[in-house]
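Have a look at the structure below, then the notes.
Readers should treat all values here as calculations from the given coordinates under stated rules, not as data from a laboratory. What you see is a predicted model; the values in this text were computed from it and never measured. Because the Cβ atoms are built from the backbone with ideal geometry, glycine has one as well, and the counts that use them run over all protein chains shown.
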There are 2 protein chains.
Amino acid sequence: PAVDKGVDFANYFCTYAFLFHQKEMLSDRVRMDAYYNSIFQNQIHFRNKKETVSLYEALAGSIVMCFVAHHGQHRNRKHYCAGYSLLRSWENNVSGNVISGTYILLKFSNDCDLRCTKNGTDLGGICLNCGKKTVLDVGTGSGILAIWCAQAGARKVYAVEATKMTEHARELVKTNGVEDIVEVIEGSMEEVTLPEKVDIIISEWMGYFLLRESMFDSVICARDRWLKPNGAMYPSHARMWIAPIRSGLGDQKMDEYESSMNDWFGFLEETEAHYGVNMNVLTKSFREEQKKYYLQTSLWNSLHPHQVIGTPAIIKEIDCLNATVSEILSVKAQFSSTITTDKTRVSGFAGWFDVHFRGSRDNPATQEVELTTAPSTDNPTHWGQQVFLFHPQLRVNEGDAVGASFSMNRSKENHRLMEVEFVCELRQPSGKCLPAVTSKFYIE
Amino acid sequence: PAVDKGVDFANYFCTYAFLFHQKEMLSDRVRMDAYYNSIFQNQIHFRNKKETVSLYEALAGSIVMCFVAHHGQHRNRKHYCAGYSLLRSWENNVSGNVISGTYILLKFSNDCDLRCTKNGTDLGGICLNCGKKTVLDVGTGSGILAIWCAQAGARKVYAVEATKMTEHARELVKTNGVEDIVEVIEGSMEEVTLPEKVDIIISEWMGYFLLRESMFDSVICARDRWLKPNGAMYPSHARMWIAPIRSGLGDQKMDEYESSMNDWFGFLEETEAHYGVNMNVLTKSFREEQKKYYLQTSLWNSLHPHQVIGTPAIIKEIDCLNATVSEILSVKAQFSSTITTDKTRVSGFAGWFDVHFRGSRDNPATQEVELTTAPSTDNPTHWGQQVFLFHPQLRVNEGDAVGASFSMNRSKENHRLMEVEFVCELRQPSGKCLPAVTSKFYIE
Ligand SMILES: Nc1ncnc2c1ncn2[C@@H]1O[C@H](CSCC[C@H](N)C(=O)O)[C@@H](O)[C@H]1O
Ligand SMILES: Nc1ncnc2c1ncn2[C@@H]1O[C@H](CSCC[C@H](N)C(=O)O)[C@@H](O)[C@H]1O
């Protein structure tokens, strides 16, 4: 399907409406540096200078006559010529109007990009293009990425955000002096209308383990509607990784689960003794509920690199320019990892992701930036890693091969959450193979 | 308004669908004892014996002829004679049979309540009524109250529950041998249709500080549609209480708030230094957000009775038989409390509630049961108390009078949550009066 109709919008946005939550993201230095560098190390993408710019700059500040073909009566001058942001009103207004004059006055400044056109055709006399790019920031939040794009030289940035965070974004845009460039639009990306197509779509859409929140759907939707044919995506590529890990969390969660079941049996006895009702028939369901909660819910964790005990494997690669919703609805992969630590236990798998900023094919980034959420002591991110713990854990030795088929699907009840399944096999160097074990997890 | 259209149903039920949450409620001994005693100490309300019962019991097990006036042609017997709980199975069995005579056979057992009536009029010959009551349990959850009502002798219990918890309730009903009496119905109370009106409505509808969750609306709706004119409500009455308290939480929350603001200022500096964006314009909004979170959100707390430092006041009394939604949409009261401890501080107010089980006017409870959530070391409840902390706190002495006007309204965004305002004055025995202070709180 082109879109996933099951994705919830009503409740999804709640947390993003808090400055506290935006601040958490804005305090993630790894995340911030990656976007900052992808923009400012490739500033040329946002203000791509062309020859006309020298003429444009020579004319800056002066009043110039712009000859336009005679088209009959006209009401006022704004119908004839406009700087970029005026262009819209101009085009809109012009279409219904008869043009009567033969010349107009233009005042140039360094901040605008002017072109005397009618219906996309140059009107002769003057054709200026400073080469500045138009940008769409999908889910602008506080507006930070949009402001950076403006500072990097973009001509116009459409900053779309579904929550009331737009009010704060507008304030920030203003106090940072880019209000002529950044237009904050409140609404869901799927519903807003932009006045034009854009050269670049930038977005920080990545959830835990990349796809949680399913926000990339909205980026795809934005791309298909609003990106020019040769436009660029920021980031341009994304990958999902899996590796076997060891962790004390496995034992801890098992303890918690067992103590919860002990509580339950105490509860059964009390309820029968005091209130004459036998609830034992619910034990099975309660056990399932608790198993799901303690043992089958994947966990956020910031792992130490030492906890990774096997070679990481890529399970998904996404080309942001071409990916479709169908391709990310479900992720399926076979992967294999070689254990690199001797005499240890596989507690489970960890999943993480990275994204790359490579510009577009026609206009590749001079400085390719990578944002990785792999286990790291120096550069941890707020995404951490997503940890899937096995019960029981698996004894392994260096050289063993852990193979698994992985599949991830959206949860039936909430398409912004995920369900993951591993069918996991252990092959020892001797050739001995342990029977496959299936484990299911929920990314909540 | 008769109903509050703003009350959310889609998300409200989430937590109740977990056995873990139901278990938390079922483990609250004070809550459980109150309902248990209200039912079993007043068992007479559920199997209210009348004179006819002796005749009924004499006939139990035997086959009796029941004369019915001849009314010409008729399709099936259900038009002529019906026992209540047998009515359905009887209808089912009989409907396929042709009854040709002018009399019918009834087989009596101890479990049924039969009455030969037509359109409510006795048909003469025999009129039996074992006096067992019909009950509606609004929001039955695990089904516990419904099962107790059945065990206490009810003829029929309709147990309505919106969540999938119905599946568990059905299992419990069955393994506890009351499946002929308790009918578990999945659906929201507002939407289900019962086959008849009931004698008793029982429900555990109380949220934090009584009205949080606004579930009493659903009980009112059930009462207006399904309770017989002389029916009874379990509980029958409810009251809300307020008292001044002292608590270390006031200082703690203030510390947390201040440290959060310190973090913010560090964040501002970093963002300016590293990323060239000045976010100071958001300080005011961030401060408000954090104030709301740390200082204006009322807290759940299980207070020690010593923490109550003034006389408690009742701010609302609800007669469950007559209350309307309009009357509980908003709670307004003036109250005054005399400080009973010398040289202390008022950290704020605590709110709690109690409910009473008094039966109905025609049929008052022989043993009136009270369920109170007042501060208590011996009988704490899972409701605890709702704590509203003042900043700054107020120095007081024994004999001072704390007066306040209180108002509570439903939150605009979520009608199951509340907003509370106190306009608070301190009068010293000398007559000296401190200026009124207004404090706003959110019950989240
Ligand atoms: N379909 C959609 N339409 C509009 N906004 C969306 C959206 N899906 C997610 N968002 C918004 O996207 C933001 C993602 S968080 C990233 C915020 C900001 N760009 C930054 O980098 O700091 C959230 O504020 C969320 O409310
Ligand atoms: N309008 C409504 N219709 C049906 N069920 C409702 C309801 N409003 C609340 N509920 C249900 O009412 C229950 C309240 S909790 C009380 C559960 C049970 N009666 C006991 O005493 O243990 C929850 O399970 C909730 O899902």
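Seen from A:Met261, the other residues with C-beta closer than 12 Å to its C-beta sum to a net charge of -2, counting Lys and Arg as +1 and Asp and Glu as -1.
When B:Pro429 is represented by a point 7 angstrom out along its Cα-to-C-beta vector, the spacings to that point in the other copies are 8.9 nm, nearest first. Close amide H contacts of A:Val198 (hydrogens built in the peptide plane, cut-off under 5 Å, sequence separation of 5 or more or a different chain): A:Leu227, A:Lys228. Taking other C-beta atoms within 10 angstrom as a stand-in for reagent exposure, A:Thr338, A:Thr15 fall in the order A:Thr15, A:Thr338, fewest first. Per residue of peptide A:10-23, the mean number of Cβ atoms on other chains within 10 Å of the residue Cβ is 3. For B:Arg345, the residues 5 or more places off, or on other chains, whose built amide H falls under 5 Å of its own are B:Val396.
Over all other residues within a Cβ to Cβ distance under 15 Å of A:Ala238, the charged ones net out to -3, with Lys and Arg as +1 and Asp and Glu as -1.
A Cβ-based charge dipole, computed about the Cα centre of region A:193-274 with Lys and Arg at +1 and Asp and Glu at -1, lands at about 1060 debye.
Taking other C-beta atoms within 10 angstrom as a stand-in for reagent exposure, A:Thr271, A:Thr324, A:Thr193 fall in the order A:Thr193, A:Thr324, A:Thr271, fewest first. Would you mind telling me the antiparallel percentage of the DSSP bridges in region A:147-248, rounded to 5? Taking every DSSP beta bridge with both residues in region A:147-248, the antiparallel ones total about 10 percent.
Evaluated with a Cβ-only charge set (Lys, Arg +1; Asp, Glu -1), region B:182-223 carries a dipole of roughly 200 debye about its Cα centre, given to the nearest 20.
Can you work out the FRET efficiency for the pair B:Ser285 and A:Asp33, with r the C-beta to C-beta distance and R0 = 30 Å, to the nearest 0.05? Calculated transfer efficiency: 0.70. Applying the Karplus relation 6.51 cos²θ - 1.76 cosθ + 1.60 with θ = phi - 60° to region A:387-402 yields 3J(HN,Hα) values of 10, 10, 9, 9, 10, x, 6, 10, 6, 9, 10, 3, x, 4, 10, 9 Hz, where x marks Gly and Pro. Stretching B:Arg225 away from B:Thr377 to a fully extended chain increases their span by 50.7 nm, per 0.36 nm per residue minus the current alpha-carbon distance.
Once the chain from B:Ala2 to B:Thr340 is taken as fully extended at 0.36 nm per residue, the excess over their C-alpha distance is 117.5 nm. For B:Gln41, go 7 angstrom from Cα along the Cα-to-Cβ vector, then report the distances to that same point in the other copies in nm, smallest first. For B:Gln41, the inter-copy label distances come out at 7.5 nm.
Rounded to whole numbers, the Karplus 3J(HN,Hα) couplings from phi for region B:23-30 are 4, 4, 6, 6, 8, 7, 4, 5 Hz, using 6.51 cos²θ - 1.76 cosθ + 1.60 with θ = phi - 60°, and x at Gly and Pro. Dipole magnitude for region A:250-370: about 380 debye, using +1 per Lys or Arg Cβ and -1 per Asp or Glu Cβ, origin at the Cα centre. Model label sites at B:Thr175 and B:Glu317, defined 7 Å from Cα along the beta-carbon direction, differ in position by 4.4 nm. Taken as Cα centroids, region A:181-249 and region A:275-309 sit 33 Å apart, rounded to the nearest whole angstrom. Across the copies of the chain, A:Lys174 has label points (7 Å from Cα along Cα→Cβ) spaced 6.4 nm apart, shortest distance listed first.
Take each residue in B:134-147, count the other chain C-beta atoms within 10 Å of its C-beta, and the mean is 1.
Using the Cβ-Cβ distance between B:Glu24 and A:Phe20 with R0 set to 35 Å, the FRET efficiency from 1/(1 + (r/R0)^6) comes to roughly 0.80.
Neighbour counting of Cβ atoms within 10 Å sorts the residues B:Ile201, B:Ile245, fewest neighbours leading, into B:Ile201, B:Ile245. Projecting the Cα atoms of B:Thr193, B:Gly177, B:Met233 onto the dipole axis of region B:171-236, where Lys and Arg carry +1 and Asp and Glu carry -1 at the beta carbon, places B:Met233 farthest toward the positive end. The gain in end-to-end length when the A:Arg361 to A:Asn409 segment is fully stretched comes to 14.2 nm, 0.36 nm per residue minus the alpha carbon separation.
Ranking A:Met254, A:Tyr293, A:Phe209 by how far each Cα lies toward the positive end of the dipole of region A:205-334 (charges on Cβ) leaves A:Phe209 at the top. Per-residue 3J(HN,Hα) values for region B:246-259, derived from phi via the Karplus relation 6.51 cos²θ - 1.76 cosθ + 1.60 with θ = phi - 60°, read 10, 7, x, 4, x, 5, 4, 5, 5, 4, 4, 4, 5, 6 Hz in sequence order (x marks Gly and Pro).
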